[in-house]
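Novice: Please see the structure below; I have some questions.
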Amino acid sequence: MIVAIDGPAGAGKSTITQQLAKRLRFAYLDTGAMYRAIVVAAMKRNTAWDDAAALARLAETAQIEFEGDRVLLDGEDVTAAIRVPAVGAAIHYVADNPQVRHHLVEQQRRLAQGKNLVTEGRDQGTVAFPEAECKIYLTASPEERARRRVEDLRRRGQTATFEEVLADQNNRDHRDQTRPVGRLCKADDAIEVCTDGLTPEQVLERLEAIVRECQTRAHPG
Ligand code: DC
């Protein structure tokens, strides 16, 4: 069974989908980490950001593996390297490239074979797994997402104003929603969950209930 969870940055997807996968005893796939790993691969090789064909070749040939919480790129642990701000700043070169997306979607389908999987990203229910038995669109208002992000940064000892974070987030949303291939949008048959005013535990319970319902629908009796 595939549970495809899409939604904008800052909706709380990663933490909650990981916990959901644990509860369900499903495998978990963080597809954002794959796009981030290709950025790291390009940085290591000094690939020019405007060389779309070279970026596509990287996505075709790079070995991205998940081992527990660790992300490996061609055998090397890049778990921390994919999270640095420079990767976020360059990610659009990779995520907006249709050929890169094609190769990564193929890898995502291969990784899903024969598994019960919770997969998270922007295009999982629309492009990668249109036949997924359960699709969830996880969102929150822009203000709530920016507020959470500011808190998150403070906890990590970094400072940013609400206005800065909101402006940056609006930019990211716009990019995610307007890229020619794999743009962020709710699949027609996805269930939308808005997390405004909900605790993480409440969101988790809501998602688990949705998956259970989808399971019953997919395998009645
Ligand atoms: O989920 P994240 O913030 O780690 O994702 C990193 C970037 O990758 C983000 O800018 C959106 C992009 N992305 C994508 O285009 N398609 C996906 N399936 C997952 C992430």
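The values are calculated or read from the model by the stated rules, or taken from the named source; none is laboratory data. Since the model is a prediction, treat every value here as computed from it, not as a measurement. For neighbour counting, all protein chains shown are included, and Cβ atoms are generated from backbone atoms with ideal geometry for every residue, glycine included. Just the protein is used for accessible areas: all its heavy atoms, side chains included, with ligands, DNA and RNA removed. Shrake-Rupley method; radii C 1.70, N 1.55, O 1.52, S 1.80 Å.
Novice: Can you give the charge dipole size of the range 1-118 about its Cα centre, rounded to the nearest 20 debye, using +1 on the beta carbon of Lys and Arg and -1 on the beta carbon of Asp and Glu?
Specialist: Values: 14 positive and 13 negative charges, 90 e Å.
So the dipole magnitude of the range 1-118 works out to roughly 440 debye.
Novice: At 1.4 Å probe size, what's the solvent-accessible area of Y28? Round to the nearest 10 Å².
Specialist: 60 Å²
Novice: Moving to a separate point now. Pairing rule first: another cysteine's C-beta must sit under 4.7 Å. Under that rule, which cysteines of the chain stay single?
Specialist: C185, C194
Novice: Among V203, A160, P220, which residue has its Cα positioned farthest towards the positive end of the charge dipole of the range 144-221, with +1 placed on the Cβ of Lys and Arg, -1 on the Cβ of Asp and Glu, and the dipole taken about the Cα centre?
Specialist: Of the listed residues, the answer is A160.
Novice: Now, a different point. For Y28, enumerate residues with amide H under 5 Å from its amide H, sequence gap 5+ or separate chain, H modeled in the peptide plane.
Specialist: Those qualifying (amide H under 5 Å, at least 5 residues apart or on another chain) are V118.
Novice: Let me ask another. Using amide H atoms built in the peptide plane, which far-off residues or other-chain residues are under 5 Å from V71 H to H?
Specialist: Hits under the 5 Å cutoff: V78, T79.
Novice: Also, quick follow-up: Determine the distance separating the Cα centre of the range 60-111 from the Cα centre of the range 202-221; give it in Å without decimals.
Specialist: That distance is 29 Å.
Novice: Now a separate question. Let me have the relative contact order for the chain, percent, based on Cα pairs under 8 Å that are six or more residues apart. Write out the running numbers ahead of the final one.
Specialist: Values: 317 pairs, mean separation 71.4, N = 221.
Reported as a whole number, the value is 32 percent.
Novice: How long are the semi-axes of the equivalent ellipsoid of the range 1-100, defined as square roots of 5 times the Cα gyration tensor eigenvalues? Whole Å, largest first.
Specialist: For the range 1-100, the semi-axes come out at 25, 15, 13 Å.
Novice: Which lysines have a Cα lying under 26 Å from the Cα of K22, excluding residues fewer than 8 positions away in the same chain?
Specialist: Filter leaves K13, K115, K135, K186.
Novice: Have a look at L204, L29, L184 and tell me which one the Gaussian network model of the chain (Cα, springs below 10 Å) gives the largest fluctuation.
Specialist: Of L204, L29, L184, the most mobile in the Gaussian network model is L204.
Novice: Report, in debye and to the nearest 20, how large the dipole of the range 30-77 comes out about its Cα centre when Lys and Arg carry +1 and Asp and Glu carry -1 on their Cβ. Mind dumping the intermediate values first?
Specialist: Values: 5 positive and 10 negative charges, 38 e Å.
Its charge dipole is roughly 180 debye.
Novice: Let me ask something else about it. Quick one: accessible surface of D168, probe radius 1.4 Å, all protein chains present, in square angstrom to the nearest 10.
Specialist: 90 Å²
Novice: Could you tell me which helices of the chain pass both thresholds, a Cα extent of 15 Å or more along their own axis and a mean Kyte-Doolittle hydropathy of at least 1.0, with helices taken as whole DSSP H runs? The partial results should precede the final answer.
Specialist: On the way: long enough: 13-24 (16 Å, -0.63); 31-44 (20 Å, 0.94); 85-95 (16 Å, 1.24); 98-112 (21 Å, -1.18); 142-155 (20 Å, -2.34); 162-178 (24 Å, -1.87); 200-218 (27 Å, -0.54).
Qualifying helices: 85-95.
Novice: Moving on. With every protein chain left in place, what is the accessible area per residue of the chain in square angstrom, probe 1.4 Å?
Specialist: In whole numbers, the chain has 52 Å² accessible per residue.
Novice: Under 20 °C and 1.002 mPa s, how fast does the range 81-207 diffuse according to Stokes-Einstein, given a Kirkwood radius computed over C-alpha pairs? Answer in µm²/s, whole number.
Specialist: Numbers: Rh = 16.5 Å.
In µm²/s, the coefficient is 130.
Novice: A further question on this structure: If you rank S14, S141 by how much accessible surface each has, with a 1.4 Å probe, what is the order from largest down? Please list the in-between numbers first.
Specialist: On the way: S14 55, S141 35 Å².
These residues rank, largest area first, as S14, S141.
Novice: Quick one: among Q113, Q177, Q99, which has the greatest mean-square fluctuation in a GNM of the chain with alpha-carbon springs under 10 angstrom?
Specialist: So, out of Q113, Q177, Q99, the one fluctuating most is Q113.
Novice: Could you tell me what percent of the accessible area of the range 100-221 is made up of carbon and sulfur, with a 1.4 Å probe and every protein chain present? All intermediate terms of the calculation are to be shown ahead of the outcome.
Specialist: On the way: 3270 of 6920 Å².
Carbon and sulfur: 47 percent of the exposed surface of the range 100-221.
Novice: What do you get when you divide the Cα radius of gyration of the chain by 2.2 N^0.38 Å, with N the number of residues? Don't skip to the answer; put the middle values down first.
Specialist: Details: Rg = 17.1 Å, N = 221, 2.2 N^0.38 = 17.1 Å.
Rg over 2.2 N^0.38 Å, computed on Cα atoms: 1.00.
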